[in-house]
Every structure is written in C-alpha cells, then in structure tokens.
Amino acid sequence: MLTGEMISQAAKDLHESMVARRRDLHQHPEPGWTEFRTASIVATTLTKLGYAVKVGADVVKQESMMGVPSAEKLAQEQERAISEGADSKRVEQMTGGMTGVVGTMVFSEDGPTVGLRFDMGSNDVTEQCGDSHRPCREGFASIHPGAMHACGHDGHTTVGLALAELLVKWRGELKGTVKLVFQPAEEGAPVEADASGKVPSFGARAMIEAGALRDVQAIYGLHITSNLPGGVVGYRSGPLMAGSDNITIHVEGRGGHGSSPWATIDPIVAASQVVMGLQTVVSRQLNISQEPAVVTIGQIQGGTRYNIIPDKVEMLGTLRTFDEDMRQEALKRITTTAESIAAASGAKASVRFGPVAYPVTTNPAQLTQASLPALNLAMGGKTMVIPKVSGSEDFSEFQKVVPGFFYFLGAPPKGKEFAKAPPNHSALFDIDEDQLPTGARSLAALALDAQNLHGQ
C-alpha cells in the first residue's frame, strides 16, 4: 500500500531528469498545432514505458482544428522539429498539425478509466533575456524567435511524462485504465467560421471529437502558476475559471474631411462612446452579486490619416463570465448597448460573438470532494480554496463531456514573492523547478485514488 511519503519520495527521485526535460522543452517551444518535436518526445517516451500510444488523426479530428498555420508553415515546423531531434516517422504521422498524443495503459479489467490531461503548446511571446532571467542566465532560454513557454506548458508536459513513469512503477497499486492525454493548441488562435457557420475548435475539442475521451469516467488536470505560494495547490468547487467569448463590433458612419465633421457621421466618436457604454453592462446591467463578469475592448482599428474621418471602425474584445444564464444576458445587453449608442450618433453598429468561445471551467462538487483527501495527503495539507480566476482554459471542453477536476500549482521562481513574480504569459515568466515533482505526486495521488470513483 502506497503512502503519501512513498509517493512524494518517488516523485523527488525523478527531480533531476524532470529538470533536464523541462529545460529542453523550454528551449524548443512550439506554438499550437506545430508541437511536432514535443509530441514526438512524448510518444517515444510513452511507447518505451509500455503505453499503447496513438497520435495524429487517431486522436485529433482535423476538421475541428482551429487556427491551423498554413501548409508551408507546418512543413517548415516539421523540418525544424526533425533537425532538432524529433523522430521523423512520428512527425510524419502528425502531418497537417495533428500533434495530439494519447497514451493508454490497462492495469486491470475491473476499475474505472481515468484521464489525465497535459497541454504542450507554447505562446507567441519573445523571451526577454537578461541576467535576472534564469533561463537566459543558465542557458536554456527559447531558441525560437517569437515563441516561448510563458505559461508553464513545458512543465505540464514534463509532469505528465514523469507521472507516466510513476504509474508504471506502481502498476500493482492501480486498477482499471489510465489515459494520458497530451493536448496541442490550448493557447489557440482566433479564426473565422466557415461558409456554413461551423466554428472549428482549439485542441481540446478537436481531441474529444476524435474520441480521446472514449470510456473515460473522470479527467484531471493541473496548471502551473507563478501567482500562488510555492508548493501550494489552489482549487475551488464549482466555477473556477471564466468562460470567454470573442467580441467583434463594426461601427459604420460616413467619412469625410476632418475640417468639416458636421458633414460626416464620425464612427470614431461613436466607437468611443460604445466603449464607455459597454462598461455599464457589468457595472449597471448585470447582477454581479451572483457572479462576476468582465467586458474588455482590447483593440480599436480605424482611419488612415490624421485629417480624414473614416467610414468605419472595428473593435475587438472579450466577455468573461462564470454562469451560462449571465453569459446569455450579457451577450444580449452588449448587442443592444452597442447598437443603441451608435444609432444615437447616426452610425450603425453590428456585433458578432465568436468564433472563440471557451466554456466555464467548473469543478463538480462531488468530484472535488472525492479528490480532496488524496490531494491533501499528497500535498501534506498545502491546499487552499482560491478565488475565481478570470482567465480561461479549454480543459473546460473536457468537463462538458466527463466530470473533470482542475487545479493550480504554485511555482514562483525561487527568491521571488508570488505576488510580485512575472505572471503567466509574461516574457519573463519562469517557474521553480523544485515544484515539478510536486505536480507529479499530486496527480499520481489522484490517479491512484481514482478507483474510488468506480461505480459512482
């Protein structure tokens, strides 16, 4: 019978190899749908450990992929991956950007099928080097311009492969089946709907639609963050991370010369009023005593010259919500507010939502309660309930299909207070690599305990 101490020690024994792997992955970041080298390493490692491995079209539905680079770009990324050590045969199986990997191991015929998810993709961020940034100082900063592991996915992949090794080691302690889901393109990239109105998806849904969750009864996932104390797990039951909807607003007016604005309908002025008016959707139109919400306009484009009033302006933004009913109400009120304000100026506003639409990441109460004893045991009680997080995660897509438990692991760089550490997606993001075994042991404890879910 494995104890918490035994799980902890076994994970610690892998510390050195985990650090080496994380640094290798950090040095070779690959954005969504181009994770050829990373996925090759994952598939090769799982195969050597004895897992039944599926890649490419077997685990990713190509028709459901969102934001896929051009064929030329994909070919370049494949060539680069091979030149940097990827298995050419594995890479060939992933042609088209189908870089998902699923490793399955059957420990016994009786027991549940449990999934564990790990994301692999990097961010479109250029790593900022300097003596204070450890990856640069110690020689493992990104060698790929414009790409960086700024959200801890290099750590997630490392944790997943270490977990795979631990589960094999403890083969006799497990019942049922374990599925390790290594997912591409969590960060994704916005694209338009096709001619039929169908909106493709990021990595999670593309794997779901290919059957990656077939027979899975529960799925677990973690996210490394620099904004929690080191070695502390942050979780909550119910809504954990916000759902997110893209907002596109076109404001049409009538252009003309800047010297004669009365002869125009100025879409810039109308758009400015729309931006201010949208702030009242949350502050005055939604009942935020029930759940919080956020409306953000992050981009405004319009005009060609300082003395010309343009015909139109485009605004891009996001809506973040934690409740489906409130989300639907917000969508209606955003549309009404934008259209009414624009009309008051004689302009016309058209509002479109999507194609990006992350569901709310929600931990079911029953699964959360069932998971806490094992999680607390693995963490030595270093767990805490955290406030809702306004960021979004496509782990929520898995939770729409099966019960899923998602949590955060604090890993701010050594010597930096978590409240002041560079946040996820920062060009200076880094983690405390001593927490990699912590991530592995927390998920190992959940996987080992998951047999208790059988029959629920």
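The values are calculated or read from the model by the stated rules, or taken from the named source; none is laboratory data. Since the structure is predicted, the reported quantities are computational estimates derived from the model, not experimental observations. Cβ atoms come from the backbone with ideal geometry, glycine included; neighbour counts cover every protein chain shown.
The table for this structure:
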| read-out | value |
| --- | --- |
| Boolean, Lys169 is out of contact with any Ser or Thr (no Cβ under 6 Å at 6 or more places or on another chain), among the basic types (Lys, Arg), closer than 30 Å to Leu2 by Cα and at pLDDT 90 or above | yes |
| Conditions (1) more than 21 Å from Gly391 (Cβ to Cβ); (2) in contact (Cβ under 8 Å) with a residue 24 or more places away in the chain; number of the one not met by Glu291 | (1) |
| Selection status of Lys54, on the phi < 0 side of the Ramachandran plot and touching a strand residue (DSSP E or B) at 6+ places or on another chain (Cβ under 7 Å) | yes |
| Residue ID - surrounded by the fewest Cβ atoms within 10 Å (Cβ to Cβ), chosen from residues in segment 98-142 that are aliphatic (A, V, I, L, M) and closer than 22 Å to Gly404 by Cβ | Val106 |
| Residue among Met105, Met148, Met94, Met98 that alone is in contact (Cβ under 8 Å) with a residue 40 or more places away in the chain and over 24 Å from the mean Cα position of the chain (by Cα) | Met105 |
| Matching residues, segment 366-416, being hydroxyl-bearing (Ser, Thr, Tyr) and over 21 Å from Ala206 (Cβ atoms) | Thr368, Ser371, Thr383, Ser390, Tyr407 |
| Which listed residue is surrounded by fewer than 19 Cβ atoms within 10 Å (Cβ to Cβ), out of contact with any strand residue (DSSP E or B) (no Cβ under 8 Å at 6 or more places or on another chain) and over 29 Å from Arg171 (Cα atoms), from Glu30, Glu79 | Glu79 |
| Selected residue (criterion: modelled with the lowest pLDDT) from residues of segment 214-239 that are among the polar types (S, T, N, Q) and surrounded by fewer than 22 Cβ atoms within 10 Å (Cβ to Cβ) | Asn227 |
| Pick from segment 402-417, criterion surrounded by 17 or more Cβ atoms within 10 Å (Cβ to Cβ) and outside any strand (DSSP E or B), ranking: farthest from the chain's Cα centre (by Cα) | Pro413 |
| Val125 being modelled with pLDDT of 95 or more and within 22 Å of the chain's Cα centre (by Cα) | no |
| Answer from Glu16, Glu5, Glu63 - the residue that is assigned to a helix (DSSP H, G or I), at pLDDT 95 or above and out of contact with any Ser or Thr (no Cβ under 7 Å at 6 or more places or on another chain) | Glu16 |
| Spans of strands (runs of 3 or more DSSP E) in segment 273-378 with at least 2 residues more than 30 Å from Leu446 (Cα to Cα) and either of a type in the set (A, V, I, L, M) or not assigned by TED's automatic domain parsing to the domain that holds Asp394 (or both) | 293-302, 312-321, 348-358 |
